[in-house]
1. Would you tally the residues in the stretch 1-33 being under 26 Å from residue 169 (Cβ atoms) and either over 27 Å from the mean Cα position of the chain (by Cα) or assigned to a loop (DSSP other than H, G, I, E, B) (or both)?
2. Could you identify the single residue in 297, 308 that is assigned to a helix (DSSP H, G or I), touching a helix residue (DSSP H, G or I) at 6+ places or on another chain (Cβ under 9 Å) and outside the structural domain of residue 111 (by TED's automatic domain parsing)?
3. Within the stretch 340-353, how many residues turn out to be in contact (Cβ under 8 Å) with a residue 40 or more places away in the chain and either in contact with a strand residue (DSSP E or B) (Cβ under 8 Å, 6 or more places away or on another chain) or part of a loop (DSSP other than H, G, I, E, B) (or both)?
4. Among (1) within 23 Å of residue 261 (Cβ to Cβ); (2) part of a loop (DSSP other than H, G, I, E, B); (3) more than 12 Å from the chain's Cα centre (by Cα); (4) within 16 Å of the ligand (Cβ to nearest atom), there is one condition residue 171 misses while meeting the rest; what is its number?
5. For the stretch 181-196, enumerate the residues that are in a strand (DSSP E or B), more than 10 Å from the ligand (Cβ to nearest atom) and in contact with a helix residue (DSSP H, G or I) (Cβ under 7 Å, 6 or more places away or on another chain).
6. Please go through the stretch 176-207 and give me each residue that is surrounded by fewer than 23 Cβ atoms within 10 Å (Cβ to Cβ) and more than 23 Å from residue 9 (Cβ to Cβ), ordered by number.
7. Looking at the stretch 208-228, which of its residues are farther than 15 Å from residue 31 by Cβ, touching a strand residue (DSSP E or B) at 6+ places or on another chain (Cβ under 8 Å) and in a helix (DSSP H, G or I)?
Ligand SMILES: *Cc1c(COP(=O)(O)O)cnc(C)c1O
């Protein structure tokens, strides 16, 4: 057994987090939209080129804000991948929407744009592409279909900070986008998120929905002389203590990102021989960049993945699988229209995420790589133990 435990994730403190939290506390204003929140907003808008952003308490909340902003009502339909986190559909289900799940591509778990058009009905309101592992979905065809059918596009960019599509920052392309700063993401604040508003028609109302349905933000800017209840909403703004933590991370984003992509590339280099035996590694199309969010393998079968996880756990390494297709979940199975989504199910059974965090040492990573390569050398000797999955080749 390896002498040190290699966890899946380890939240990274870049240095100034507690100092800034103390500063926030001493400033005497620790509720929302204080000094650090404004600094974070300015960073995204002025340095990264976002039109408008609002920090939120989570990405889940940013998605819920998006559903409110679109005035989703019962019976509206929203198209999204089945291979995603529950928050993606849940935000729309809370407003009564019906979720129409699309399959992933064979290349990577992102939703297949070629399937979207056939899923559109007169009740369709929005498409929600999820940039899985921070790798861009093919957004041009998605935006083109949306524009042609008058639909909104909400990017679930939870994993997609500092990642690009044809040179454009993810989260700046759809009408709205939601980011996460949960401790498992690249840039963190414990819990936290952000709504990016690219269609500025939504901005004033986004501020109102985030402030319990009041026009308090405008009041604080001196634009009106009293504030009141003007719309529905909730409390979606984070304390400035959270923003103080986040600011320390954003200050060090370049360093965090170069470290994470370095680790990602070392995985790819070491494990690329597995491509020859039919194990899939993350595929980054020409139009996308890599933000080092996640490194995964797609094993050839569930049995093979289970055996590999077992081996890694006995060796003190903690790999984890990921989403379970939401169209087969206990909550949604009887609401799904019955279409099979084989690629989503394949990633459900076979995708395995490897440890990836700032402080992962090269020698620890080398150990993980040797374990995996050794495992496949052994299975090559007795391949019948892990029969390859029988996947239809449609939807390439
Ligand atoms: C992490 C994640 C979320 C949820 O983010 P929170 O900030 O924890 O609410 C939503 N969607 C995807 C794709 C995610 O990876």
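The values are calculated or read from the model by the stated rules, or taken from the named source; none is laboratory data. Computed from a predicted structure; not experimentally measured. Quick reminder, even Gly has a Cβ in these numbers, built from the backbone with ideal geometry, and neighbours come from all protein chains shown.
1. 9
2. 308
3. Looking only at that region, the number is 9.
4. In the conditions (1) within 23 Å of residue 261 (Cβ to Cβ); (2) part of a loop (DSSP other than H, G, I, E, B); (3) more than 12 Å from the chain's Cα centre (by Cα); (4) within 16 Å of the ligand (Cβ to nearest atom), residue 171 misses (3) alone.
5. Residue satisfying the conditions is 195 alone.
6. Correct list: 198, 199, 200, 201, 202, 203, 204, 205, 207.
7. Hit for the stretch 208-228 is 208, nothing else.
Quick grid of which residues meet (1) at pLDDT below 95; (2) within 27 Å of the chain's Cα centre (by Cα); (3) within 26 Å of residue 163 (Cα to Cα):
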{"site": "294", "(1), (2), (3)": "no, yes, yes"}
{"site": "300", "(1), (2), (3)": "no, yes, no"}
{"site": "307", "(1), (2), (3)": "no, no, no"}
{"site": "326", "(1), (2), (3)": "no, yes, yes"}
{"site": "340", "(1), (2), (3)": "no, yes, no"}
{"site": "379", "(1), (2), (3)": "yes, no, no"}
{"site": "383", "(1), (2), (3)": "yes, no, no"}
